[in-house]
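Each remark here refers to the structure printed beneath this line.
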Amino acid sequence: MDIEEIKRILPHRPPFLFVDEVMEISEKRILAKKYVREDEYFFKGHFPDEPIMPGVLMVEAIAQAGGVMLLRKYEKAVPLFMAIENAKFRRIVKPGDTLILEVKLIQERGRVVKIAGTARVNDELACEARIMAGIKE
């Protein structure tokens, strides 16, 4: 799935779209990529002499990948954070890295879902988190 197909599913748009490509997708699992470009807007302030992707944006990338997986069955839906659990940051992510995002559906009750996701760079764990979200149509 390319960026145009992703944009048909997610309401996010650049510069706040953090899923560039979907490699695999099913109803309960997605494998996606985020290419961390040198010109990302957040590197100007985080940090000018030592650019590092903010951890909260890695969590956002995981959530957006989960959104692609879950929102395919809705039209014009918006995913809303309800909780972030057990977020851990294990590796610095720098310009030029590629995040491999893997997200699995843990629980679904109506329009409230719980997902577990990881972001890896070269098979090294960069971030992991569990996210609860509501789906607003």
**Fill in**
Taking Cα atoms only, helix 55-71 is inclined relative to the longest principal axis of the chain by an angle, in degrees rounded to 10, of 30
**Fill in**
So for the stretch 56-137, using the alpha carbon gyration tensor with a ≥ b ≥ c as root eigenvalues (a/c under 1.5 gives rounded; past that, a/b versus b/c decides prolate or oblate), I'd call it prolate
**Message:** Within 10 Å of each candidate Cβ there may be at most 15 other Cβ atoms; applying that plus a DSSP loop requirement, which chymotrypsin sites (Phe, Trp or Tyr not before Pro) in the stretch 22-95 survive?
**Reply:** 74
**Prompt:** About its Cα centre, what dipole magnitude does the stretch 3-136 give when the only charges are +1 on Lys and Arg Cβ and -1 on Asp and Glu Cβ, stated in debye to the nearest 20?
**Reply:** 680
**Loop sites in the stretch 81-137: trypsin sites (Lys or Arg not before Pro), DSSP, at most 15 other Cβ within 10 Å** = 90, 91, 111
**Message:** Below 28 Å, Cα to Cα, which lysines can residue 28 reach? Residues fewer than 8 away in the same chain don't count.
**Reply:** 7, 73, 76, 88, 104, 114, 136
**Item:** Low-density loop positions, GluC sites (Glu not before Pro), the stretch 1-98 - DSSP coil, at most 13 other Cβ in 10 Å
**Value:** 27, 38, 75
**Item:** Pairwise centroid distance, computed over Cα atoms, of the stretch 2-28 with the stretch 88-130, Å
**Value:** 15
**Complete:** note: the chain, Cα-Cα separations exceeding 17 Å make up a percent value of 55
**Complete:** Length-normalised contact order of the chain, Cα under 8 Å, at least 6 apart, in percent, tallies to 26
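Values in this text are rule-based calculations from the coordinates and carry no lab data. This is a predicted model, so every value here is computed, not measured. When we count neighbours, we look across all protein chains shown, and the Cβ atoms used for this are built from the backbone with ideal geometry, even at glycine.
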